[in-house]
Structure formats: C-alpha cells, structure tokens
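The values are calculated or read from the model by the stated rules, or taken from the named source; none is laboratory data. On a predicted model such as this, the values are computed, not experimentally measured, just so you know. Reconstructed Cβ throughout: ideal geometry from the backbone, glycine too, with neighbour counts over all protein chains shown. When the accessible area is computed, the model is the full protein with side chains, heavy atoms only, and any ligands, DNA or RNA have been set aside. Shrake-Rupley method; radii C 1.70, N 1.55, O 1.52, S 1.80 Å.
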Amino acid sequence: MIHRLFPHPALSALLVVVWMLLVNEFTFGALFLALVFGVLVPLVTSRFWPDRPKVRFGYDAAAYLAVVLFDIVVANFEIAWIILTRRNRDLRSHWLVVPVELRSAEAITVLAGTISLTPGTVSSDVSADGRCLLVHALDVADPAAEVARIKQRYEARLLKVFR
C-alpha cells in the first residue's frame, strides 16, 4: 500500500523540500501544498519510470553529497585565484574523455551534473552508448590524473549510491 501512495519516496521528499525552499516561508498552507505535490507528481509520473534505478540513501549518499559540496567550495576559490592571478594564455584547458562504469541514465546524469556544478569543469556530451562522458576542464596540468580524480571522487561513490 505504501508503495502505491509513494512510488518514488525520494522524489516526493525532494519535491516537498524544493517547494518549501521556493516559497521561502514556513506556513501550514505552503506545507500542505508541498505535500500534495509531493504525493501527486510521483503518482502521475510513475508509469513513465518503469525501470527506475535503485538508490541507496544513507551513509553513501551523505558522503557523496559532502564530497561534492566540499569540492564546489574549493573549486570556487581555485577558479577565483586563476582569474585573479593568471592571464588567459597561461590556462591549460583540455577536453577530457571520462570512461563511465555507471549504467543507469539517472546515475550518469547525476555524474554529469556534479561535474558541471563544480567550477572549472563542464560536462558537454555523453557518448551514444553511454560509456564515455566528454568534459571540458578550464585548467588541468595532467589530463589523465583529472580523469582518475573524477572517477575516484565521484563515480566510485555514485556506484555505491546507485545499485
């Protein structure tokens, strides 16, 4: 019964949180509307997600989120330093091809979004077979090391979250 009412519990919770953040005030009416949307949207869209991935929330997801937030803060300072101290001709930008072990489209999308959220890198394309991700990096001394870093810091953790 609970899975019929909440076919995607994580999506329901996310919708409630995002709705409350968008409203920017905590009232009973706003919470009620957030809960209504949190229940109805997943119910209506569940038939479009027959092969939804298995997501493990808990320590692995929290650790992944902590690493991503830490990397975003650090990368902001690194990019600010690059902008303030270097000239454009000193940048070592590269296109990186990151081989992907993740198989679900949702997991690959999270990886690509994480890379794009981190200042200095942007995901630009996924290969047709979903096995490689094309990433542009603003300043990279060693492209192979950067690919290894992406795989170790993000993809390895996402493999634990999306089982």
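Things to note:
- Failed condition for Ser46, given (1) modelled with pLDDT of 90 or more; (2) open to solvent by less than 80 Å² (accessible area, probe 1.4 Å); (3) more than 14 Å from the chain's Cα centre (by Cα): (1)
- One residue from Arg92, Arg86, Arg163 being of a type in the set (Lys, Arg) and under 19 Å from the mean Cα position of the chain (by Cα): Arg163
- Restricting attention to segment 87-110, the residues being open to solvent by 30 Å² or more (accessible area, probe 1.4 Å) and either in a strand (DSSP E or B) or in contact (Cβ under 8 Å) with a residue 24 or more places away in the chain (or both) number 13.
- Which numbered condition Glu146 fails, given (1) over 30 Å from Pro9 (Cβ atoms); (2) in contact with a Lys or Arg (Cβ under 7 Å, 6 or more places away or on another chain); (3) surrounded by 15 or more Cβ atoms within 10 Å (Cβ to Cβ); (4) at pLDDT 90 or above: (2)
- When residues of segment 133-143 are limited to those that are surrounded by 12 or more Cβ atoms within 10 Å (Cβ to Cβ) and out of contact with any Lys or Arg (no Cβ under 6 Å at 6 or more places or on another chain), the one farthest from Ile79 (Cα to Cα): Leu133
- Residue identified as at positive phi and either open to solvent by less than 40 Å² (accessible area, probe 1.4 Å) or not in a helix (DSSP H, G or I) (or both) among Gly113, Gly130: Gly130
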